[in-house]
Amino acid sequence: MDTSGLTLIAEAATCHGGNLMLAKRMALAAKEALATHVKYQHVDPDHFPAGSPAREWYSRVQFTAGQLRELKAYCEGLGIKFLCTPQTVQDFHDLVSIGIEEVKISSDNAENRELIDAIEAWGGPTYVSSVGIPPISTHTVLICTPSYPCPPDKADLLRIGWRWWMGPVGFSDHTIGHEAALIALGLGARTFEKHFRLADVNPFFCGPDAVVSCTETELQTYFQMLQRGLTMLGTGWPE
């Protein structure tokens, strides 16, 4: 199915549990699900307090620059774009060192001026998640919520409609199911990010993102529905 007109980001996050072979399997699953991008996270565990669950988790799942380079090359060989979210400026420099073409800013860093300045000085295409009213930006802004998972009454999708005329807009979907994505599509979103995991991997091994992650089969259905929805929207000029 042609995905022209949509940017479809399969959010692998750290659901590979620190296993490079699983990360590669997730890239293949994302490609088969029609994603244009597969996205991972590169997070320095020292960013978190000693003894915290977050520090323990990210210490376990962090890839070296060499492993990230290998993963990026694998994605490129499959024909899917490699995308990654840094947590700190040093994390971002690690990604630049492996030759990234695009980058994603997480919602907790949407106002991190030091990181944003470093990314803007670099100048590549950037996606940024926002939990509030999205700012005017030349970046592609993906509205999202801090809830994992997000209940229907907290999605607040009209934020997309309020911003459509200011620049590229998308939806980082933390809801369960497909309805929110189709509404977001109708409101003007053309970039979509959805967490997923491999069905045959124990969710406990996937870490904190497992609760909001669909399986690879569900991800394929999700992206197929968006493509059909885009076809149904048409051009607004009936023949």
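The values are calculated or read from the model by the stated rules, or taken from the named source; none is laboratory data. As the structure is a prediction and not an experimental result, all values here were calculated from the model. All Cβ positions, glycine included, derive from the backbone under ideal geometry; neighbour counts span all protein chains shown. Calculation scope for accessible area: heavy atoms of the full protein, side chains included, ligands and nucleic acids excluded. Shrake-Rupley method; radii C 1.70, N 1.55, O 1.52, S 1.80 Å.
Select from segment 190-239 the residues that are part of a loop (DSSP other than H, G, I, E, B) and either modelled with pLDDT under 90 or of a type outside the set (A, V, I, L, M, F, W, C) (or both) and list them in ascending order. Across segment 190-239, the qualifying residues are ARG190, ASP200, ASN202, SER213, GLY234, THR235, GLY236, TRP237, PRO238, GLU239. Among the residues of segment 25-53, those identified as more than 23 Å from GLU216 (Cα to Cα) and either in a helix (DSSP H, G or I) or open to solvent by less than 70 Å² (accessible area, probe 1.4 Å) (or both) are VAL43, ASP44, PRO45, ASP46, HIS47, PHE48, SER52, PRO53. With respect to ALA65, determine if the residue is closer than 30 Å to GLY234 by Cα and in contact with a helix residue (DSSP H, G or I) (Cβ under 8 Å, 6 or more places away or on another chain). So ALA65 does not fit the description; no. Yes or no: segment 211-224 includes at least one residue that is in contact with a Phe, Trp or Tyr (Cβ under 7 Å, 6 or more places away or on another chain), open to solvent by 60 Å² or more (accessible area, probe 1.4 Å) and within 26 Å of LEU22 (Cα to Cα). Yes: one or more hits.
Among helices (runs of 4 or more DSSP H) entirely within segment 76-189, having at least 1 residues that are at negative phi, modelled with pLDDT of 95 or more and open to solvent by 70 Å² or more (accessible area, probe 1.4 Å) singles out 89-97, 113-122, 179-187.
Scanning segment 59-75 for residues that are open to solvent by less than 20 Å² (accessible area, probe 1.4 Å) and of a type in the set (A, V, I, L, M) turns up VAL61, LEU68, LEU71.
GLU56 falls short of the stated requirement of being of a type outside the set (A, V, I, L, M, F, W, C) and either modelled with pLDDT of 95 or more or assigned to a strand (DSSP E or B) (or both).
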